[in-house]
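Trainee: Mind having a look at this structure? Questions to follow.
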Amino acid sequence: MNPKYPIYIISKGRWDSRLTSKALERMKVPYHIVIEPQEYKYYSNVIDKKKILTLPFKNLGQGSIPARNWVWEHSIQNGHLKHWIMDDNIYDFYRLNRNVRNIVQTGTIFKICEDFTDRYNNVPISGLNYRFFMTPTEAHPPYYLNTRVYSCILIDNTIQHRWRGRYNEDTDLCIRVLKDGYCTILFNAFLQEKAGTMTLKGGNTDELYADDGRLKMAKSLQEQHPDICTITWKFGRWQHQVDYTVFAKNKLIKKKDVVIKEGVNNYGLILVTMKDNMTKM
């Protein structure tokens, strides 16, 4: 089972690693990879040309923002109500089952996230949490409501906002949506394992994160949202800190025609033990 909304991977300078592409290939999930024209020859050597979308611009010096907005319009022009947008440095995807993080080998998890999100009238942004945040020693709810969503995001094409800025663009977009009174959903039941920021060559590593990139990122978000964002020194680096408690009043509004059946629907997912002793779904 695969997602009903299109998946776009925005990528630059990572035709060798292409982590997200490899993960989706293993899961047999269809996707588009969006690249700049000067890198087509490199990507087309390792990825099916039918999956490649070439941007009509290059090296604008604005990070991923122009590509993200181009993807948004491409999705609309192709008649889609929503679209997935993913970073290009995701190793794998997981199902959190009884506090065990199991690698998944099917695109069903994206379909489940879509169906859950589509129950509601007021959830324009949802997505998968990071694997390392879901520690096996603690209990976790199936999702968090009204917080930031990043790196693997499902977006409603009809919202008025678009991507902006140079840093923390996903957090900024979520905050603007929350300030409008909408909700966001960050799934803990389904996870992504992402390479750390500035640990892979390519992407925004050289263009945006060089020198004191962490401080620039934090300052950028604070300037956009001084009412709820502060800068703090944490874990040996500068970071932004957002007060999401102000959005606790934003409540989910279920669509009138939605009927939620009793019991658990696993969408056919089963737990199996692979030859390498890893548990997968």
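Trainee: Determine which member of the set Asn168, Asn122, Asn129 is more than 30 Å from Leu60 (Cβ to Cβ) and crowded, with 21+ Cβ neighbours inside 10 Å.
Mentor: Just a single option satisfies the conditions, and that option is Asn129.
Trainee: I'd like to verify a number: residues in segment 67-86 that are assigned to a helix (DSSP H, G or I) and more than 17 Å from the chain's Cα centre (by Cα), how many?
Mentor: 4
Trainee: Any idea which of (1) out of contact with any Leu (no Cβ under 8 Å at 6 or more places or on another chain); (2) modelled with pLDDT of 95 or more; (3) aromatic (Phe, Trp, Tyr) is the one Trp163 doesn't satisfy?
Mentor: Only one criterion is unmet by Trp163, namely (1).
Trainee: Can you find even one residue in segment 121-129 that is among the small types (Gly, Ala, Ser) and part of a loop (DSSP other than H, G, I, E, B)? Even if it seems obvious, please write down each step before you answer.
Mentor: Kept after step one, since they are among the small types (Gly, Ala, Ser), are these residues of segment 121-129: 126-127.
Checking the rest, the ones that are also part of a loop (DSSP other than H, G, I, E, B) come to none.
No, the conditions are met nowhere in segment 121-129.
Trainee: Can you find a residue in segment 74-97 that is among the acidic types (Asp, Glu), touching a Gly at 6+ places or on another chain (Cβ under 9 Å), modelled with pLDDT of 95 or more and surrounded by 14 or more Cβ atoms within 10 Å (Cβ to Cβ)?
Mentor: The answer is yes; a qualifying residue exists.
Trainee: Continuing with the same structure: Can you tell me which condition Phe116 does not meet? The list is (1) surrounded by fewer than 17 Cβ atoms within 10 Å (Cβ to Cβ); (2) among the aromatic types (Phe, Trp, Tyr); (3) outside any strand (DSSP E or B), and all the others hold.
Mentor: The single condition Phe116 does not satisfy is (1).
Trainee: Collect the residues in segment 35-66 that are without any contact (Cβ under 8 Å) to a residue 60 or more places away in the chain and part of a helix (DSSP H, G or I), keeping them in residue-number order.
Mentor: Answer for segment 35-66, where residues must be without any contact (Cβ under 8 Å) to a residue 60 or more places away in the chain and part of a helix (DSSP H, G or I): Pro37, Gln38, Glu39, Tyr40, Lys41, Tyr42, Tyr43, Lys49, Lys50, Lys51, Pro66.
The values are calculated or read from the model by the stated rules, or taken from the named source; none is laboratory data. This one's a predicted model, so the numbers in the text were calculated from it and none came from an experiment. Glycine also receives a Cβ, built like all others from the backbone with ideal geometry; neighbour counts cover every protein chain displayed.
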